[in-house]
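Take a look at the structure below.
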Amino acid sequence: MSDDEFWCLIELTPIRSDNIIRALHDYFVLNHPRIHCCNEHGVNNGYFGACIGRFEHVIQVVNTLFNYYKMSKREMPE
């Protein structure tokens, strides 16, 4: 995922911890292993997993909305 995409998506999450956000950035943008992200930013592996789940949920919702609006646009008369 691109850096810009990450920062847009993180704004839609309830996640506000700087350490978690930096760890998520390393995980999703830089593709670092999960254990490296946890150790590097001092976050609990279990909590980090829950935050990954929240972030992925936002990605799914955005994709659903994107597809919804894409279909709605096709159905609109010109």
(message) Taking 8 Å as the Cα distance limit and 6 or more residues as the minimum spacing, I'd like the relative contact order of the chain as a percentage.
(response) 29 percent
(message) Can you order the peptides 26-34, 9-17 by their average number of other Cβ atoms within 10 Å per residue, highest first?
(response) 26-34, 9-17
(request) Give me Cys8, Cys38 ranked fewest to most by other Cβ atoms within 10 Å of their Cβ, as a rough exposure proxy. (result) Cys8, Cys38
(request) Please identify the helices of the chain, taking whole runs of DSSP H, that span at least 18 Å along their own axis as judged from the Cα atoms and have a mean Kyte-Doolittle score of -0.5 or higher. (result) 45-75
(message) Just checking my list [x] -0.41, -1.01, -1.11; [y] -0.50, -1.03, -1.10; [z] -0.55, -1.02, -1.09 against log10 I(q)/I(0) by the Debye sum over Cα atoms at q = 0.15, 0.23, 0.24 Å⁻¹ computed from this structure; which label fits?
(response) [z]
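Bear in mind these aren't lab numbers, they're just calculated from the coordinates by the rules spelled out. Every value quoted in this text rests on a predicted model; they were computed, and no experiment measured them. FYI the Cβ positions are ideal-geometry reconstructions off the backbone, even for glycines, and counts take in every protein chain you see.
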